[in-house]
Structure formats: structure tokens, C-alpha cells
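To start, the structure under review is shown below, and the notes come after it.
Every read-out reported here was derived from the displayed coordinates using simple, explicitly stated rules and does not represent laboratory data. Please read all numbers here as calculations on a predicted model, not as lab measurements. Cβ sites come from the backbone with ideal geometry, for glycine too, and all protein chains shown count toward neighbours.
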Amino acid sequence: MRETLGRIFNPRLILGVIFIFLAFIAVTVIGGRFFYFLEPVEESEIGVKIRNSRIEEVVGPGIYSDVGINVRLERVSTQAISFSVMDAEIITADKQRIGLVVSGDIFRPNDRDSIRTGWNRWRGIYTDDELAVGRVEDLAQQSMKVCVGDRTFDDNIIGTARDELRQCIDLELNTLVAEIGGLTVENLVVPEVILSAEVQTALDAIVQSRLETEKAAQDELKAEAEAQAEQARQEGEIRVEQSRLQEQTRQQTALAQLEQQRLAAQLVVIEAQRSNDLAQLESERQLIEAQLANDLLQAELSLEVREAEALAAAAAARAELAVELARAELYQQHPEYVQLLIVQANASALNPTDKVIFIPEGTTPTLVLPGPGIVPTVDAGVTTTPADDGGDTSTP
């Protein structure tokens with residue numbers, strides 16, 4: 001047992017552990033100035049990489065490492081920092097005392113250029129939330145005094161004045177904090193107004209008076225509204241009656257116009273039918289006239305044709321008559337020509353199969369009755385005897 005305790009509490013072992021611990025602390029303290037390894041920058045932070053006490057780079061969310069002389073990574077939170085400040089005694093423009101409670105959210109700049117520009121001056125504001133809240137609360141009290149002091153008690157408390165007061169403090173405070181490294185204040189509210197008992201009593205009296213005044217005004221407005229409503233009702237009834245009469249007149253006018261349009265349409269139809277009938281009669285008349293003219297033309301043409309035919313027939317008759325007269329005169333002047341024609345006619349009347357009997361001159365031939373196309377050259381009942389002058393004579 002003593003040997004075991006002696007081994008555990010060996011002075012050399014204890015000194016070795018102490019030495020290792022001190023060495024670890026020394027390395028951590030001294031090495032922290034020469035490197036950092038896998039240092040995270042959260043999503044809601046902006047990282048500032050420092051080397052030789054100067055800003056090397058402003059970076060966004062991520063994990064970073066660096067080795068060098070006097071290097072470190074600092075972080076600037078971009079999350080909202082809530083604050084609330086109270087000033088229990090502020091003097092209004094009309095020498096009244098009131099108290100205010102103002103609260104809101106502080107936001108640091110989230111762009112790298114603003115951080116780089118204001119780092120040397122506002123490093124504490126960027127990295128220390130308590131310092132930032134303290135500065136903003138001081139400026140908020142200043143803004144409260146400015147805005148309340150510029151207004152009377154009624155303008156700070158009564159009615160919608162509190163919202164106007166909040167807007168004034170918001171504008172004034174943001175103007176002031178913008179000069180501190182580009183800080184901004186959002187969601188500013190005035191949740192409470194602190195009044196003393198005397199001021200509260202006076203305020204209640206003012207409020208009651210205003211309520212009575214407003215009630216009287218509302219009663220007056222109500223009476224005026226009722227009178228106006230009655231007048232409007234009567235005017236409405238008159239307008240309704242006028243509208244009814246106007247509508248009735250309009251309908252009667254519309255009916256009259258429709259009747260007039262109907263009559264006009266009927267007149268147009270009648271006129272169109274009449275024009276159609278007249279056009280049809282005119283067409284029939286023109287057709288009849290054209291037919292008559294055609295018939296007359298045909299009659300004239302037929303008459304002219306007949307006259308021409310008559311003239312032609314007369315001319316042909318005259319020509320035939322002239323031919324016949326000339327032929328008769330020829331026959332009369334030249335009987336031998338007639339005899340020649342008879343002989344030619346008989347010759348042309350003979351067929352190849354016809355038989356011809358030649359008899360001596362002075363004999364009586366057998367009578368041959370003339371047939372179609374045969375003209376007897378010798379009269380069968382005539383006897384031919386020689387004449388004294390050497391010619392032939394015929395006796396019955």
C-alpha cells in the first residue's frame with residue numbers, strides 16, 4: 001500500500017505533470033499569437049482576420065486557419081441586440097414632467113466595407129455587446145429628452161401623439177447611432193409612459209373633458225347625421241319618384257320610337273314591294289316591247305325576203321320567158337334546127353338494146369307506136385312520094 005502510494009505521489013512524476021501543464025499553457029498563450037487553426041465564423045457573424053495588428057481580410061461565414069506573427073481571428077455578430085432604457089423625469093415644452101420607457105433592437109453593419117472602415121475606431125462597439133448597448137442607451141435618453149422637450153404635454157401623451165413621439169425618437173436615435181460605426185436601431189417602441197399622481201389626475205381631468213367635448217360633438221354630429229339622413233331619405237324618395245317617372249317616360253318614348261321604327265320598316269317594305277312590282281311591270285313591258293319589236297323585225301325581214309324572192313321569181317320568170325321567146329324565135333326562123341333537135345332526142349332516147357329497122361326510101365314501114373321518150377320521126381299515116389323537084393311529099 002505504501003509502495004503504491006509512493007509510486008502515485010512520486011515527486012518526479014508530480015513535477016513532470018506540472019511541467020507539462022505549464023508548457024501547454026505557455027504554448028497556448030504564446031502560440032495563440034502566432035497561429036489559429038480551424039476557427040469557425042458562424043452564419044450570423046462576420047470574421048475579421050488580423051495580422052500584425054492590421055486587418056488582412058474581412059470574411060464571411062466559414063472555417064479559417066492562419067499562421068504568422070501576431071495573427072488572430074475576431075468575430076462581429078450581426079444578430080439583434082435588445083436594449084431598454086427608462087428616463088423617469090423629462091420636461092415637456094409646457095413644463096410638465098413625464099417619464100418614458102423606450103426599447104428596441106441594435107444592429108451592427110453587416111457589410112465588410114463598413115467593418116473595415118470603422119474597425120480601428122469602433123472595434124469595441126463591434127465586438128462587445130454591453131458596450132454597444134450602453135452607448136445606444138445613452139443616445140436613446142438624449143433622443144427622448146429632445147423629442148419630449150420639443151412638444152407640449154398633450155402633444156406627447158394625448159391621442160395619436162405617442163406614435164408621433166415614437167417616430168421622432170426613432171429618427172433622432174438612428175441619426176445619432178449611425179455615427180457610431182454605422183449602427184442602426186430597429187423595432188423601436190415606447191411601451192410605457194410614466195406619470196406622477198398629480199400629472200395623472202390632471203391627465204384624467206383633461207381626458208374626461210375631452211371625452212365630454214367629444215361626446216357633445218358626437219351627439220351634435222349624430223343629430224346632424226340623423227337630419228342629413230332624413231333629408232337624404234326624403235331626397236331619395238323624391239329621386240326614386242323622379243327616376244320612376246323618368247323611367248316611365250323613357251319607356252314610353254322607347255315604345256313610341258319602336259312603333260315609329262316599325263311603321264317606318266313597314267313603309268320601307270311597302271315601298272320596296274311597290275318598287276319591286278313597278279320594276280316587274282316595267283320588265284314585263286320592256287319584254288313585251290322587245291318581243292313586239294322582234295316580231296316586227298322578223299315580219300319586216302320576212303317581207304323583205306318574200307319581196308326579194310318575188311323579185312327573184314319575177315326575174316327568173318322573165319329570164320325563162322326571154323329564153324323561151326328566144327328559142328321560139330329560133331325555132332321559127334330555123335325549122336331545120338328543130339328537126340335536128342328531134343333527131344338528137346330520138347337518138348338519145350335509144351338504149352343499147354333497142355333495135356332499129358332501116359327500110360328503103362319509099363316503103364311503108366311497120367307502125368311503131370311511140371314509147372316514152374320516143375318521138376316519131378315519120379307519121380305512120382303519111383305516105384311519102386317523090387316530088388318533082390326531087391323532094392319527098394307526104395299524103396295521108
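With a 10 Å radius around each residue's Cβ, average the other Cβ atoms per peptide and rank 137-144, 180-187, highest first. If you can, show how the numbers build up before the last one.
Working: 137-144: 20.0, 180-187: 18.0.
Ranked by mean Cβ neighbours within 10 Å, highest first: 137-144, 180-187.
Which of Val133, Val193 has the fewest other C-beta atoms within 10 Å, and how do the rest follow up to the most?
Working: Val133 18, Val193 15.
The fewest-first ordering by Cβ neighbours comes to Val193, Val133.
Can you give the charge dipole size of segment 78-195 about its Cα centre, rounded to the nearest 20 debye, using +1 on the beta carbon of Lys and Arg and -1 on the beta carbon of Asp and Glu? Walk me through the numbers on the way to the answer.
Values: 12 positive and 21 negative charges, 67 e Å.
Around 320 debye, computed over segment 78-195.
Could you put Lys145, Lys95, Lys215 in order, starting from the residue whose Cβ has the fewest other Cβ atoms within 10 Å? Could the numbers behind the result be given before it?
On the way: Lys145 17, Lys95 8, Lys215 11.
The most exposed by this proxy come first: Lys95, Lys215, Lys145.
How do the peptides 104-110, 284-290 rank, highest first, by the average count of neighbouring beta carbon atoms within 10 Å per residue? Walk me through the intermediate numbers first.
Numbers: 104-110: 20.4, 284-290: 10.0.
In decreasing order of mean packing, 104-110, 284-290 become 104-110, 284-290.
Ratio of alpha-carbon Rg to the 2.2 N^0.38 Å globular estimate for segment 229-316, to two decimals, please.
Values: Rg = 36.7 Å, N = 88, 2.2 N^0.38 = 12.1 Å.
Against the empirical 2.2 N^0.38 Å value, I get 3.04 for segment 229-316.
Taking the highest mean first, how do the peptides 320-331, 54-65 order by number of other beta carbon atoms within 10 angstrom per residue? Can you show the working numbers first?
Values: 320-331: 10.4, 54-65: 12.9.
Sorting 320-331, 54-65 by mean packing, highest first, produces 54-65, 320-331.
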